[in-house]
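The values are calculated or read from the model by the stated rules, or taken from the named source; none is laboratory data. Since the model is a prediction, treat every value here as computed from it, not as a measurement. Here Cβ is always computed from backbone atoms with ideal geometry, including for glycine, and neighbour counts include all displayed protein chains.
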Amino acid sequence: MHARLDAAVNNMAHGLCMYDRDDRLVVCNAAYRSMYGLSEDDTRAGTTIRKLVERRRAVGTFQGDYAARIAEVRQAVDRGRPSRFVSELSNGRVIAMTVSTLRDGGWVSVHEDITERTRAEKRIAHLARHDPLTDLANRLLFRERMDEVIARLETNGDSFAVMIFDIDLFKSVNDSLGHSGGDALLEAVAERLRRSAAPTDTLGRIGGDEFAVIQTARPDPRAAATALAETLLQELRAPYDIEGKRIVIGISIGIAVAPDDGREPSQILKSADLALYRAKADGRGCFRFFEPAMDADVRLQREFEFELREALVRQEFEIHYQPIVDIATARPCAVEALVRWRHPHHGLIPPDKFIPVAEEIGLIIPLGEWILGAACRTAVAWPDDIRLAVNLSAVQFRSGTLVDVVRSALRSSGLPATRLELEITESVLLQKDQDSIAVLHELAGLGVRIVLDDFGTGYSSLSYLQLFPFSKIKIDKSFVAEMSSRSDCAAIVSTIINLAKALDMGTTAEGVETQEQAELLRAAGCREAQGWLFGRPGPPSALVLDRPAEPAQATQTPVRINRIVAAAR
């Protein structure tokens, strides 16, 4: 019987010790000796608990004050209720000891290795408060840290700053890289953020590409936030190497300082968000501190967005047309379709005031489809030698339906594909996305002409000419406007024209307003021109296509709408 009991005790998974009422060892199993690195000689019957713990300390499997621990165990035994103690060994193992009292005054301790369970619980607790991709604080932990710094603010008056930033145009970058590339970029951004921030700062990822920072322990939180924001703008826009691709991004930052900009977490975060909106409205790639006027601007923004959505339903959009002329004869050879919004209170609003907002809220997809269809139906009645030019947004390329939309517009209107020119800007090719280039080839396969607009204003326009055989290049009006007064602008225009000739591409100069500009362009070999000298945008009834174009009258845009759309962007 004794042999069976001994076999059972020594094959237990947990360590087991039994002591008499004088705290002397009666039984000790093999699992206990293995757990604490003890020999059979160390655990002979009659060994006192004090001597046993001293031996554990000698072999490095007990940490802390052993006399205090023995006293705690003795108190638990005297109370006569099971008690549990958890300790961490020097080797990192975590042991849970349960003490139970026997009727004769002796007691039993059971020792369980809970290392893996403890680690799993810590991992679960960590994941509950950290972003799994970047390991930064998630929204839950960020709010908890906000509560902590607000409590210090109320107690000690310690001011702090909160900044929020996101990646400019991240969706287009993510679409071009794919989700794995987008995730890799976010991880790289998080790593640079760690290197730039102080150890006392709380760093969080609180949205898809939205990051946040709480800055504490600063005598001047505004100055500290300015310094960090300037560092982040510089560090985060340095090139990234993501899956073999060189990626350059920008960020926009909004900053709020407590208590001036709020004393509640929601109010502080809202203030930082409003400052972020202002940074984007001011051109992106910058930081802005919260100002009270921003709240009113956001209300204007929401109103503007709502009215813009309703405008399509209410048929408030209309298309104006501007002639593009053969520069040698001044006779129209093409017409560009330009959308206008006839606002019920603000009058006629030009596209640069609302198209960026339409792109941000997704309205550009149905609006672009309407523009293309309506313009094609109008152009089909023009002489056969007059082409129609329509602008496309980069957002339309990401929709996945652009080719079908163009095909449908041509088929339903009866306009020959060879008379349609689709104008794109370099934003379509910003990341040299193969999907966008494939869409361009599909469109060209329909027979339409693809034109690169605003050429010369981007970062790498020359490289774009290698990606796709454009039918034509449009020379940006900023160069045309100053070519008669600045030799560098004249040289740029001349170079673009010669480059286009070498690549068998046409050229159209935009923004031609004077006869002198037209003469200079003609002398440089430019084929086509567009601008107020040859006609301002107007309704289709105002087009004159059978003789040389004449200047049109200017239209005024109400001043108040500029403030509204600034807030909306």
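Structure values in brief
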{"quantity": "Residues (crowded, with 17+ Cβ neighbours inside 10 Å and among the small types (G, A, S)) located in region 495-506", "calculated": "A500, G506"}
{"quantity": "Condition met for L422 (surrounded by 16 or more Cβ atoms within 10 Å (Cβ to Cβ) and outside any helix (DSSP H, G or I))", "calculated": "yes"}
{"quantity": "Test set (1) out of contact with any His (no Cβ under 9 Å at 6 or more places or on another chain); (2) at pLDDT 90 or above; (3) farther than 30 Å from C526 by Cα - A311 fails condition number", "calculated": "(1)"}
{"quantity": "Members of region 127-152 that are assigned to a loop (DSSP other than H, G, I, E, B) and of a type outside the set (S, T, N, Q)", "calculated": "D131, P132, L133, D135, L136"}
{"quantity": "Filter result for G285 (at positive phi, in contact with a Ser or Thr (Cβ under 9 Å, 6 or more places away or on another chain) and either in the same structural domain as S176 (by TED's automatic domain parsing) or among the polar types (S, T, N, Q) (or both))", "calculated": "yes"}
{"quantity": "Evaluation of A330 against (1) surrounded by fewer than 21 Cβ atoms within 10 Å (Cβ to Cβ); (2) small (G, A, S); (3) farther than 30 Å from E516 by Cβ (one fails), failing number", "calculated": "(3)"}
{"quantity": "Elements of type strands (runs of 3 or more DSSP E) contained in region 327-404, each with 2 or more residues being among the small types (G, A, S) and either within 19 Å of K472 (Cβ to Cβ) or more than 26 Å from the chain's Cα centre (by Cα) (or both)", "calculated": "331-343"}
{"quantity": "Residue match in region 129-136 (condition: at pLDDT 90 or above, within 30 Å of A188 (Cα to Cα), surrounded by 15 or more Cβ atoms within 10 Å (Cβ to Cβ) and in contact with a Gly (Cβ under 8 Å, 6 or more places away or on another chain))", "calculated": "yes"}
{"quantity": "Scan of region 186-225 for residues that are buried (at least 16 other Cβ atoms within 10 Å of the Cβ) and either farther than 23 Å from N138 by Cβ or not assigned by TED's automatic domain parsing to the domain that holds I255 (or both), ordered by number", "calculated": "R218, P221, A224"}
{"quantity": "Selection within region 222-246 - among the charged types (D, E, K, R) and within 30 Å of D260 (Cβ to Cβ)", "calculated": "R222, E230, E235, R237"}
{"quantity": "Options S271, S266: the member that is closer than 27 Å to S159 by Cα and touching an Asp or Glu at 6+ places or on another chain (Cβ under 9 Å)", "calculated": "S271"}
{"quantity": "Counted residues, region 52-89 - those being among the small types (G, A, S) and within 17 Å of D42 (Cβ to Cβ)", "calculated": "2"}
{"quantity": "Strands (runs of 3 or more DSSP E) within region 1-108 that include 3 or more residues buried (at least 17 other Cβ atoms within 10 Å of the Cβ) and either at negative phi or not β-branched (V, I, T) (or both)", "calculated": "15-19, 94-101"}
{"quantity": "Options V395, V357: the member that is aliphatic (A, V, I, L, M), more than 18 Å from F317 (Cα to Cα), surrounded by fewer than 23 Cβ atoms within 10 Å (Cβ to Cβ) and in contact (Cβ under 8 Å) with a residue 24 or more places away in the chain", "calculated": "V395"}
{"quantity": "Residue within region 250-258 that is part of a loop (DSSP other than H, G, I, E, B), farther than 23 Å from G157 by Cα and among the hydrophobic types (A, V, I, L, M, F, W, C) present", "calculated": "no"}
{"quantity": "Per-region count, region 153-186, residues part of a helix (DSSP H, G or I) and in contact with a strand residue (DSSP E or B) (Cβ under 8 Å, 6 or more places away or on another chain)", "calculated": "7"}
{"quantity": "Failed item, numbered, when K280 is tested on (1) part of a helix (DSSP H, G or I); (2) more than 20 Å from R152 (Cα to Cα); (3) modelled with pLDDT of 90 or more; (4) among the charged types (D, E, K, R)", "calculated": "(3)"}
{"quantity": "Residue list for region 360-373, restricted to those being surrounded by 19 or more Cβ atoms within 10 Å (Cβ to Cβ) and either of a type in the set (A, V, I, L, M, F, W, C) or not assigned by TED's automatic domain parsing to the domain that holds V544 (or both)", "calculated": "L363, I364, L367, I371, L372"}
{"quantity": "R84 modelled with pLDDT of 90 or more and assigned by TED's automatic domain parsing to the domain that holds T48", "calculated": "yes"}
{"quantity": "Residue match in region 306-319 (condition: assigned by TED's automatic domain parsing to the domain that holds R536, surrounded by fewer than 22 Cβ atoms within 10 Å (Cβ to Cβ), within 22 Å of P539 (Cα to Cα) and in contact (Cβ under 8 Å) with a residue 60 or more places away in the chain)", "calculated": "yes"}
{"quantity": "Qualifying position, being touching a residue at least 60 places away in the same chain (Cβ under 8 Å), charged (D, E, K, R) and in a helix (DSSP H, G or I), among D295, D273", "calculated": "D273"}
{"quantity": "Search result, residues across region 510-529 that are among the hydrophobic types (A, V, I, L, M, F, W, C), over 19 Å from A334 (Cα atoms) and surrounded by 13 or more Cβ atoms within 10 Å (Cβ to Cβ)", "calculated": "L520, A524"}
{"quantity": "Single condition V493 does not satisfy, out of (1) at pLDDT 90 or above; (2) closer than 29 Å to L443 by Cα", "calculated": "(1)"}
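A quick yes/no check of all residues on (1) among the small types (G, A, S); (2) in contact (Cβ under 8 Å) with a residue 24 or more places away in the chain; (3) surrounded by fewer than 20 Cβ atoms within 10 Å (Cβ to Cβ):
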| position | (1), (2), (3) |
| --- | --- |
| D488 | no, no, yes |
| V493 | no, yes, no |
| T508 | no, yes, no |
| G531 | yes, yes, no |
